[in-house]
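Accompanying notes for the structure given below.
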Amino acid sequence: MRLRTTTTLIAVAASLAATACAVRLGGPKPLTYRTLAIAAEEGEAPAAVAQRIRAAAADYVLISAPADSAWFAEVASLARLTLSGPGNAGSVSLAFLGSEPLGDTTIALPVADGRPLIVHDALYKLDSYRYLDLLAVRVEPGTPVRPAVRALTSYIATDVMSNAAVAMAIDAPDAEAGDSIATLLRPLFSDARVCLPRSGNGERARTRVRVHLFHGPEARIGCEGASIIAEESGVPALVARLIVNR
């Protein structure tokens, strides 16, 4: 039986809220990780991408690129980070750079009236009891957004550890689709663009990015600032200071 998006979101939110209530009041201080969501263009050299990663001083990188495994391995080596993936998502591949994951997988989620949604998923152990789950998703052009979000939230509800903080990158086909996805995910995940600095009139910059960065649940992970990395060659990328709480 297919569930409506709203029903799925409510179920996931209830599960996360119940888990948050069990979090200990004591424990180590929050952990801060500079997290970069980036897309590489066709033919972009590994050295150029690695330079952007180093310039961002990123601890974790969620990357989408039309490249093979050798390209990703070279980027990881030059950036001095451990590679998870890549997972083939059709027109691009998805990968993470960071510490050594406990495990990772790439899966295809069925989407009603659309192409399967490709998700690369890796779990990281941060300390004795805190975990970070990274998700990277590619939404291909023509994929209906609402069923895609429904498939994604259903996967998170059943296959992502309930006590893990989640950082998720979604490579959207266009700006409109990216904004729609952010709106549908809002009950569960915060858009890292809200961490961008405000302009002189107090409004937040409406910056367009191809790879959107989300984090949640709020009880486990927050954001303390973000910035856009723009290069003459390369798609603008977003880096955020994500804070993993107790």
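Residues that are in contact (Cβ under 8 Å) with a residue 60 or more places away in the chain and open to solvent by 40 Å² or more (accessible area, probe 1.4 Å) were ranked within region 138-153; the one that is farthest from the chain's Cα centre (by Cα) is R146.
In summary, A48 fulfils each of the numbered conditions (1) among the aliphatic types (A, V, I, L, M); (2) open to solvent by less than 30 Å² (accessible area, probe 1.4 Å); (3) at pLDDT 55 or above with the single exception of condition (2). Looking across L135, L83, one residue alone is open to solvent by 20 Å² or more (accessible area, probe 1.4 Å) and at pLDDT 95 or above. It is L83.
Give the residues of region 56-72 that are of a type in the set (A, V, I, L, M) and open to solvent by less than 10 Å² (accessible area, probe 1.4 Å), sorted by residue number.
Answer for region 56-72, where residues must be of a type in the set (A, V, I, L, M) and open to solvent by less than 10 Å² (accessible area, probe 1.4 Å): A56, V61, L62, I63, A65.
Please find, within region 154-196, the residue that is surrounded by the most Cβ atoms within 10 Å (Cβ to Cβ) out of those that are free of Cβ contacts under 8 Å to residues at least 12 places away in the same chain and in a helix (DSSP H, G or I). So, considering only residues that are free of Cβ contacts under 8 Å to residues at least 12 places away in the same chain and in a helix (DSSP H, G or I), the one surrounded by the most Cβ atoms within 10 Å (Cβ to Cβ) is D179. Looking at the structure I just gave you, is V75 surrounded by 14 or more Cβ atoms within 10 Å (Cβ to Cβ) and either among the acidic types (D, E) or over 23 Å from P173 (Cα atoms) (or both)? In short, yes.
The values are calculated or read from the model by the stated rules, or taken from the named source; none is laboratory data. All values derive from a computational prediction rather than experimental measurement. As a convention, Cβ positions derive from the backbone with ideal geometry for all residues, glycine included, and neighbour counts pool all protein chains shown. To get the accessible areas, we keep the full protein, side chains included, count just its heavy atoms, and leave off ligands, DNA and RNA. Shrake-Rupley method; radii C 1.70, N 1.55, O 1.52, S 1.80 Å.
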